[in-house]
Amino acid sequence: MLEQMTAMVKQNDICVLATASDNRPHCSLMAYVADETGEKLYMATSGDSRKFANLGENPFVSLLIDTRATHPREKTKALTVSGVCETVKDLKERSAAAASLRSVHPQLGPILEDAGVEILCVKAESFLLLDGVSDALFLKIDSSNG
């Protein structure tokens, strides 16, 4: 089950990121790259964005990844990834994430060159896969793995 969920993360590169502040949700369409496990997702944002401000108050996020662009509606899958989002501080990890983002998403070049860009890492805590209209699978990630 985990393999199916992480494969969906790795096969896609766009998600909706939901952040919240003062119990007010905010959604952002985001380009991402995943690590080799599919349990860490990297994104870039401006340090003065609303989502970044929200993350400073509340690091818990939800991501939605779906297959609506590649599957008929009756076969669409939607994966909700719940986790914690942190700013990447380690220079080696930050550089590698930025290089991966630039490679997969060349349109991010200008933001990645901006001095105020922040590289974010979402560490998945759980996955909820909706396969079609009614089949749902939930999996909590074992945090002792990394």
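Each value in this text was obtained by applying a stated rule to the coordinates, not by laboratory testing. All of these numbers come straight from a predicted model, not from anything done at the bench. So basically every Cβ, Gly included, is an ideal-geometry build from the backbone, and we count neighbours across all protein chains shown.
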Hypothetical label at Thr67: residues of segment 118-133 whose amide nitrogen lies under 13 Å (7 Å Cα-Cβ projection): 129-133
Under DSSP loop assignment and at most 14 Cβ neighbours within 10 Å, longest trypsin sites (Lys or Arg not before Pro)-free interval of the chain: 1-67
Exposure proxy ranking, count of Cβ atoms within 10 Å, fewest first, for Phe52, Phe127, Phe138: Phe138, Phe52, Phe127
Solution diffusion estimate, µm²/s, Stokes-Einstein, the chain, Kirkwood Rh from C-alpha pairs, 20 °C, viscosity 1.002 mPa s: 137
Sorted by Cβ neighbour density within 10 Å, fewest at the top, the residues Cys121, Cys27: Cys27, Cys121
Mean ellipticity per residue at 222 nm, deg cm²/dmol - from DSSP H runs of n ≥ 4 across the chain, formula -39500 (n - 2.57): -7000 deg cm²/dmol
Residue exposure sequence - Glu39, Glu57 - by fewest surrounding Cβ within 10 Å: Glu57, Glu39
